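**Q** Sharing a structure below in structure tokens format, with a few things to ask.
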Amino acid sequence: MFKKKFGQNFLNNNLISKEIVNTQVIKDKNILEIGCGNLALTNEIIKKKPKKFVCVEIDKDLIKKNINHELSNFILNDNALTFNELNAFKNEKFSIISNLPFNISNTLLVKWINLQNQYGCIEDMTLMFQKELAERIVATENTKKYGRITLLSQAFFQITKKIEVKKKEFFPVPKVDALVLKFSSLNNKYIKVKNLKKLEEISRLFFNDRRKKNEKKIKKIFSDKKIMENNYNIYFNLRAENIKKEIYYQMANEL
């Protein structure tokens, strides 16, 4: 029986599971999955013979239902929000493939962004989100969906839409459709390690009241001299969504 508190929506279309797993190279790679669910992805990942595979599942009952002598080596009963990925893969790089629990998907993504900022340990990720969140992650400037999670995600990854999954493909059926995104790590990050928190602060300042124009926001964090040097005054009469991500990254690195 599914448990609502764990955000469980199980994918029941095996063709989609195969398509998700085929979005990235698995053989001889370190692979992390969050939530074994009904083993839809788990079995497909194992077939591809990863170097090391770890699946983190918080639901003990689900593990008891699914576990057998083969899977017992792969599935760990742990909380993904506090799980130590670096220890699990002995500080080696790894990839993530997961139909994320919808209720913690945003929190998990921010966790991995911070991990990537500190250690550069994630090679790529194929992740399923509720469609609304996914569209915010891949948004571009001058759109209503462009915002904080857009800036944080795209500072470290090139992100592309891969597969749209209709809600009818899950059990229980969620309220919305889902979207699978592919995250490829950037060789040259937009943000210096020490400046991620500054980017978080800037994005919060600008987007928490996104309908207000930018003049007061810019003057709050930069001196008149800095504003003139960087021509930030040209953004005074615009709104948060009208500033390109590269300018936000520049602001964070200069703050």
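**Q** What do you reckon, is LEU109 buried (at least 20 other Cβ atoms within 10 Å of the Cβ), in contact (Cβ under 8 Å) with a residue 12 or more places away in the chain, in the same structural domain as PRO174 (by TED's automatic domain parsing) and under 20 Å from ALA155 (Cβ atoms)? Spell out the reasoning first.
**A** Values: buried (at least 20 other Cβ atoms within 10 Å of the Cβ): yes; in contact (Cβ under 8 Å) with a residue 12 or more places away in the chain: yes; in the same structural domain as PRO174 (by TED's automatic domain parsing): yes; under 20 Å from ALA155 (Cβ atoms): yes.
Considered against the rule, which asks whether it is buried (at least 20 other Cβ atoms within 10 Å of the Cβ), in contact (Cβ under 8 Å) with a residue 12 or more places away in the chain, in the same structural domain as PRO174 (by TED's automatic domain parsing) and under 20 Å from ALA155 (Cβ atoms), LEU109 comes out as yes.
**Q** Need the failing condition index for ASN68 against (1) of a type outside the set (Gly, Ala, Ser); (2) surrounded by 13 or more Cβ atoms within 10 Å (Cβ to Cβ); (3) at pLDDT below 95; (4) out of contact with any strand residue (DSSP E or B) (no Cβ under 8 Å at 6 or more places or on another chain), just the number.
**A** (2)
**Q** Hey, does the stretch 123-132 have a residue that's surrounded by 19 or more Cβ atoms within 10 Å (Cβ to Cβ), assigned to a loop (DSSP other than H, G, I, E, B) and not polar (S, T, N, Q)?
**A** no
**Q** Sticking with this one: Among the residues of the stretch 136-156, what is the count of those that are hydroxyl-bearing (Ser, Thr, Tyr) and assigned to a loop (DSSP other than H, G, I, E, B)? Lay out the reasoning, then the answer.
**A** Of all residues in the stretch 136-156, those hydroxyl-bearing (Ser, Thr, Tyr) come to 140, 143, 146, 150, 153.
The next check asks that each one be assigned to a loop (DSSP other than H, G, I, E, B); those that pass are 140, 143, 146.
Final tally of qualifying residues: 3.
**Q** Tell me whether the stretch 142-157 contains one or more residues that are under 19 Å from PHE10 (Cα atoms), outside the structural domain of LYS198 (by TED's automatic domain parsing) and modelled with pLDDT of 95 or more. Give the derivation first.
**A** Our first condition is that a residue be under 19 Å from PHE10 (Cα atoms); within the stretch 142-157, this holds for none.
Checking the stretch 142-157: not a single residue is under 19 Å from PHE10 (Cα atoms), outside the structural domain of LYS198 (by TED's automatic domain parsing) and modelled with pLDDT of 95 or more.
**Q** Among the residues of the stretch 182-197, is any charged (D, E, K, R) and within 29 Å of LYS131 (Cβ to Cβ)?
**A** Within the stretch 182-197, the subset charged (D, E, K, R) is 182, 189, 192, 194, 197.
Filter once more, keeping what is within 29 Å of LYS131 (Cβ to Cβ): 182, 189.
Taking every residue of the stretch 182-197 in turn, at least one turns out to be charged (D, E, K, R) and within 29 Å of LYS131 (Cβ to Cβ).
**Q** ILE163 is checked against (1) surrounded by fewer than 20 Cβ atoms within 10 Å (Cβ to Cβ); (2) over 23 Å from GLU44 (Cα atoms) and fails just one. What number does that condition carry?
**A** Exception for ILE163: condition (2).
**Q** Considering (1) modelled with pLDDT under 95; (2) assigned to a helix (DSSP H, G or I), say which one ARG210 fails and leave the rest.
**A** Evaluating ARG210 over (1) modelled with pLDDT under 95; (2) assigned to a helix (DSSP H, G or I) leaves (2) as the failure.
**Q** Also, I was wondering about something else. Only residues that are basic (Lys, Arg), more than 19 Å from the chain's Cα centre (by Cα) and loosely packed, with under 12 Cβ neighbours inside 10 Å: list them for the stretch 184-223, please.
**A** LYS194, ARG211, LYS216, LYS220
The values are calculated or read from the model by the stated rules, or taken from the named source; none is laboratory data. Every value quoted in this text rests on a predicted model; they were computed, and no experiment measured them. Because the Cβ atoms are built from the backbone with ideal geometry, glycine has one as well, and the counts that use them run over all protein chains shown.
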